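Notes follow once the structure below has been shown.
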Amino acid sequence: MVELVHDLAEYERLVHECAMTDDQLRAALFGPAPALFGHVAEVDGEVVGFTLWFLSFSTFRGTHGIYLEDLFVRPDHRASGLGRALLTELAEECVRRGYARLEWSVLDWNDPAIGFYESLGAAPLSEWTMFRLTDGALAALGQGGSPGSPASGSR
């Protein structure tokens, strides 16, 4: 899966941001208090796609949801139904657990993914803007200071 995460970073033009290791993923998925979950898609015993997700919470709905951090299927296995199968599994998980939402972000230039998601009935939330604190800005705020510079766009 870590190799696929690095493949995703390459596809998203964010290789310089991707530093995840096998040990980090193993700890996140299987450590003493896992808060990250995942599914894989296999073809002939080879993992060719995955989802990584965690629980979110809607205060307005009063229930949890799933936030899909990453969905990736290797290019040579796209349009085979694996992406749909992975998303279907997450939707079924929401239904089984009574969760109100399945949400994710997509890069605005990723037209193939946007078209795929819209074909499933997903709708973009154009009225919301995502914000992020990382690196120096996160450290400065976390230490009670002010960042002094804008937050980076790190993933």
**OP:** Pick out, from LEU82, CYS18, LEU52, the residue whose Cα sits farthest towards the positive end of the charge dipole of the chain, with +1 on the Cβ of Lys and Arg and -1 on the Cβ of Asp and Glu.
**Re:** LEU52
**OP:** Using amide H atoms built 1.01 Å from N in the peptide plane, name the residues 5+ places from THR134, or on other chains, whose amide H lies under 5 Å from its own.
**Re:** SER152
Original post:
Given +1 on the Cβ of Lys and Arg, -1 on the Cβ of Asp and Glu, and no further charges, what dipole in debye does the range 2-124 carry about its Cα centre, rounded to the nearest 20?
Top reply: 620 debye
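With r as the distance between the Cβ atoms of ARG101 and ALA139 and R0 = 25 Å, compute the FRET efficiency 1/(1 + (r/R0)^6) and round to 0.05.
0.20
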Original post:
Normalised by the residues of the range 56-155, what does the relative contact order come to in percent, with Cα pairs under 8 Å and at least six apart?
Top reply: 21 percent
Original post:
Just from its helices, what would the mean residue ellipticity at 222 nm be for the chain, if runs of 4 or more DSSP H residues each count -39500 (n - 2.57) and the sum is divided by every residue, rounded to the nearest 500 deg cm²/dmol?
Top reply: -10000 deg cm²/dmol
Subject >> Structure-derived volume of the Cα convex hull per residue in Å³ - corresponding label in [x] 146; [y] 164; [z] 123 >> reply: [y]
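Where a number appears in this text, it was derived from the coordinates with a stated rule and is not lab data. Predicted model, so just to flag it, every value in this text is computed and none were measured. With ideal geometry, Cβ positions are generated from the backbone for all residues, glycine too; neighbour counts draw on all protein chains shown.
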